[in-house]
Structures are given as structure tokens and as C-alpha cells.
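In what follows, a structure is listed as C-alpha cells, so that the remarks can point back to it.
The values are calculated or read from the model by the stated rules, or taken from the named source; none is laboratory data. Since the model is a prediction, treat every value here as computed from it, not as a measurement. All Cβ positions, glycine included, derive from the backbone under ideal geometry; neighbour counts span all protein chains shown.
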Amino acid sequence: MLLNLFLLLIGMFFVWLSAELIIHASKKIAKYFQLSETFFGLTVLSIGTSLPEIGTHIAASLQVLAGNDVSGLAIGTNIGSNTVQITAILGIVGFFMLIKAEREFLRKDYMFMLASIVLVFLFSLNHYISRTEGFLLVTIYLIYLYYLGKKEFFTSGINHNHKKNGNGLLKNAFFLVIGLVVLLYASSFVVENGEKLAEGWDVSDSLIGVSLIGIGTALPELATALVALKRKSSGMSLGVLVGSNITNPLLALGIGVLISGYTVSNTILWIDLPVWFFMSVVVLLLVAANNQLTKRDSIILLFLYFLYMGFRVFVIQ
């Protein structure tokens, strides 16, 4: 089992590495075509930091199609990543820096995030999320993305001064493709070894997803949050974490479900999903009180996350 754990960690490292490569290459391509910073943030940064979850879902759904039902691991990874982001990572940043949030952001984006969680819960009530429901999740995400970026898609078209740097465009496109290929292979590696760990430790695959893989796939968001901390940019940190908590349930989960459909266990339906929603509501209440997240609030979030993890690992499994 130690070998599988080691291979799992190696796989997650390459998932993270490939995601970084994709984000870097995409940023260069976006700059070449003069995509606005707003649209870049809503697409490349939000989707880019969710690439580990997207890759895990694709790899898991392909295994489901092959007859190996790892739905619990896939959904658990999604929930685990989202929960650690909205509590532990936000708590870490908030402990060292005062995080402020505008009412408009809470009223629109944050409420949409909560609605996304509720939608996934409703789709899960019959213990199965169908391909049709996966299509709806992805469609809703694309509509949301269009609504946010419709006014700032392009600034002024292609900058003709960049045409002489066409080789740079080809190079970054090449790195983008390489990154995607590595991401898919590494994600498949993570799913395979995560399933073997669950079998070897005699625990549910959803527990492996919620804990080990969920935390691992949240590394890009953690890295982004730490960069925001260094730059004293609390808004970027909160925006990326909330954006990822919208992208993961709608796009990442939606893509996986669209490929194969997922079965939903009682543990995920009645414990993990409600806890994720509860944690998100707690964050909203704490921030909405004074339009900011204080150090005390951050300690509360960290405590709640470790309480949930302890309960999940030692009681539910």
C-alpha cells in the first residue's frame, strides 16, 4: 500500500505540474490575442486552477465506462477539493491577511456558488447523476461564463505587432497540448492508485477522494491564494476560490457525468454534500457580517475543516 500511496503522490505532482504548464501557456496565448484580463481571469485562471479536478473526472468517468465504478472517488475528490478551498485555504489566507468582499460579489457570485451546490444535491437525490443532468451542469456554467464575460471578451482584436512573434504562439500551443496530455495521463494514474488504496485500507473510495486526492487537487488554488497573500490581494484570493467552487461542481463534475453518469452513495448525499453547503453558508455569514473575513473567522473555518476531516476519517470512513 505504501507503493500505491507513493505513486498517488507522484501522480498528483504531475497533475499539478501539468496544470501549471497549461495555465502558463494559456496566459501567453491569451496575451497574444489580446484577451481582456477580466475574461482571462474568468476562464483561464478559474478553469486552469480546476484542471486537476477536471482531469480526475475525465479519468474516473472513463473507468466507469470500462466497468470499474469509481464514481465515489470522483465526486469525493470534487467535494473534498471544494471544501478544503472554502475553509482551510481561505482560513490560511484570512489568518494572515484581512479579506474584504463587496456586497455585489456576495449577492451574485457567492449566491450562484451556493445555488450550484444545491443543484448538484438535487440531481443526486435518486443516487444517480445522469448524462442529461451533466449536460445541464456544463450548459449552466457556460451561460454563467458568457454572462460574466460578454462585455469584455476582446479588447481590440489581435495585436498585429505580435504577428512577428508567431513562433511564440506555436511554442505555447505546443506546450498547451503537452500539458493536456500529461494531465490526462497523470489524472488516470491518480484515480487508479486511489482506488487501490481504498481497497487496501478497506475504506470507501469517496474517503480517498474527499481527503487525499481532494486536498491534492486543491494545490493550484492554494498556490494562487499564497501568491495573493504575498501581493496583499485578498480580493483575488477570494475570487479564485469562489470561482473554483463554481467551476468544479458545474464544469468538472458536469464533464465527468456527461461522459459516463455517476452513482451517488448515501455518505456523499447525506454527509459530504450537506457539509460542503453548510461550510459555504458559514463563510457567507462570517463575511457578510462586516463585509470582511477576520483572523477569528479564519480560525473558525480551519477548526470546522479539521473537525469534518476527523469525523470523516475516524467515524464515517
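Points to keep in mind about this one:
- Residue count for the range 1-13 under the criterion of being modelled with pLDDT of 75 or more and surrounded by fewer than 19 Cβ atoms within 10 Å (Cβ to Cβ): the result is 9.
- Whichever residue in the range 278-294 is surrounded by fewer than 14 Cβ atoms within 10 Å (Cβ to Cβ) and in contact (Cβ under 8 Å) with a residue 12 or more places away in the chain and, among such residues, is nearest to Ser116 (Cα to Cα): Val281
- Taking first residues from the range 232-259 that are more than 29 Å from Gly67 (Cα to Cα) and partners that are modelled with pLDDT of 85 or more and among the charged types (D, E, K, R), the Cβ contacts under 8 Å between residues at least 6 apart in sequence or on separate chains come to Gly239/Asp109; Val242/Asp109; Gly243/Asp109; Ile246/Asp109.
- Candidate set: the range 122-180, residues that are at pLDDT 85 or above and basic (Lys, Arg); chosen: the one surrounded by the fewest Cβ atoms within 10 Å (Cβ to Cβ): Lys171
- Residue that is nearest to the chain's Cα centre (by Cα), among those in the range 64-113 that are part of a helix (DSSP H, G or I) and surrounded by fewer than 16 Cβ atoms within 10 Å (Cβ to Cβ): Met111
- Residues that are closer than 28 Å to Val203 by Cβ and small (Gly, Ala, Ser), drawn from the range 276-317: Ser280, Gly310
- The range 193-213, residues that are out of contact with any Lys or Arg (no Cβ under 8 Å at 6 or more places or on another chain) and under 15 Å from Ser71 (Cβ atoms): Gly194, Glu195, Ala198, Ser204, Asp205, Ser206, Ile208, Gly209, Ile213
- Val275 vs. criteria aliphatic (A, V, I, L, M), in contact (Cβ under 8 Å) with a residue 24 or more places away in the chain and surrounded by fewer than 18 Cβ atoms within 10 Å (Cβ to Cβ): no
- Restricting the range 122-146 to residues that are in contact (Cβ under 8 Å) with a residue 60 or more places away in the chain, in a helix (DSSP H, G or I) and aromatic (Phe, Trp, Tyr), the residue that is farthest from Ile58 (Cα to Cα): Tyr144
- Residue in the range 245-254 that is touching a Gly at 6+ places or on another chain (Cβ under 7 Å), at pLDDT 95 or above and of a type in the set (Gly, Ala, Ser) present: yes
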